[in-house]
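Structure first, then comments.
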Amino acid sequence: MSRIIAGDAGSIRLKPAAASTRPTSDRVKESLFGQLENLGQLDGASVLDLFAGTGALGLEALSRGANHAVLVERDRKAHEISLENSKSVISAIQKSRSDASVENKKADAEKFLKTNKQSFDLVFLDPPYNLPNQGLLGYIAQLSQAVSDQGLIVIERSSRTDSIQVPVWLHQVSTKNYGDTQVTILQKA
């Protein structure tokens with residue numbers, strides 16, 4: 001079962017993922033968030049979690065100091081689970097930080113990005129593993145106006161997927177494999 005690992009809502013168990021989603025393992029989350037904390041990218045951050053599933057990544061960021069998270073999920077069942085998880089996590093966080101907030105959007109990621117007017121310091125891009133590189137690059141291109149200066153895009157994909165050509169407006173901070181999972185962190189130049 002997935003949980004919030006650390007921070008204001010640490011140890012809160014999250015409702016399990018809908019059958020249509022693939023949850024990020026606690027091992028991957030722990031390593032990823034340790035790296036994000038070392039980069040100083042969580043305190044006060046505005047976070048976008050595309051393909052949010054249960055909301056675990058965006059909610060972990062909130063628990064660890066981000067101020068605001070937008071969780072975008074198009075699957076109805078996964079969106080409902082994300083809403084339930086958001087309520088329990090934000091309730092715990094607001095006991096110590098009343099300014100923390102979360103928005104849950106039941107929307108297709110592409111449509112959300114076309115209408116989005118917000119700027120984000122941290123974006124989690126965790127699409128289905130079978131999304132081709134061209135599709136992933138399309139989402140990254142749409143994020144160019146949504147990512148703040150020096151903001152990060154965290155991409156979670158299959159470790160068997162071919163690497164992408166990183167767009168010139170980004171530079172690669174790191175890529176790490178965790179079994180079948182690959183996590184790449186890109187920063188807006």
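Restricting attention to segment 71-81, does a residue exist that is assigned to a loop (DSSP other than H, G, I, E, B), touching a residue at least 40 places away in the same chain (Cβ under 8 Å) and over 14 Å from Asp8 (Cα atoms)? Outline the logic, then answer.
Step one: list which residues in segment 71-81 are assigned to a loop (DSSP other than H, G, I, E, B), which gives 74-75.
Subsequent filtering for residues that are touching a residue at least 40 places away in the same chain (Cβ under 8 Å) retains 75.
Next cut, over 14 Å from Asp8 (Cα atoms) only: 75.
Scanning segment 71-81 turns up at least one residue that is assigned to a loop (DSSP other than H, G, I, E, B), touching a residue at least 40 places away in the same chain (Cβ under 8 Å) and over 14 Å from Asp8 (Cα atoms).
Let me spell it out: the conditions are (1) loosely packed, with under 15 Cβ neighbours inside 10 Å; (2) part of a loop (DSSP other than H, G, I, E, B), and Arg27 meets all of them except one. Which number is the exception?
The number of the failed condition is (2).
Search segment 43-70 for residues being without any contact (Cβ under 8 Å) to a residue 40 or more places away in the chain and not small (Gly, Ala, Ser), and hand back the single one that is surrounded by the fewest Cβ atoms within 10 Å (Cβ to Cβ).
Only one residue tops the list, namely Asp43.
Looking at (1) touching a helix residue (DSSP H, G or I) at 6+ places or on another chain (Cβ under 6 Å); (2) part of a helix (DSSP H, G or I); (3) within 26 Å of Ser25 (Cβ to Cβ), which one does Gln142 not meet, given that it meets all the others?
(3)
Can you say whether Val102 is buried (at least 16 other Cβ atoms within 10 Å of the Cβ), under 19 Å from Leu50 (Cβ atoms) and in contact with a His (Cβ under 9 Å, 6 or more places away or on another chain), as far as the supplied structure shows? Let's see the steps before the verdict.
Values: buried (at least 16 other Cβ atoms within 10 Å of the Cβ): yes; under 19 Å from Leu50 (Cβ atoms): yes; in contact with a His (Cβ under 9 Å, 6 or more places away or on another chain): yes.
Taking the combined requirement at face value, the residue satisfies it.
Each row is one residue, and each column tells you yes or no for (1) within 17 Å of Phe33 (Cα to Cα); (2) free of Cβ contacts under 8 Å to residues at least 60 places away in the same chain; (3) surrounded by fewer than 13 Cβ atoms within 10 Å (Cβ to Cβ).
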site: Ile164; (1), (2), (3): no, yes, no
site: Leu170; (1), (2), (3): no, yes, no
site: Val173; (1), (2), (3): yes, no, no
site: Lys176; (1), (2), (3): yes, no, no
site: Thr184; (1), (2), (3): yes, yes, no
site: Gln187; (1), (2), (3): yes, yes, no
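Any read-out appearing in this document is the output of simple, stated calculations on the displayed coordinates, not a laboratory observation. It should be emphasised that the depicted structure is a prediction, and the values quoted were computed from it without experimental measurement. Methodologically, a virtual Cβ is constructed for each residue, glycine included, from the backbone with ideal geometry; neighbour enumeration extends over all protein chains shown.
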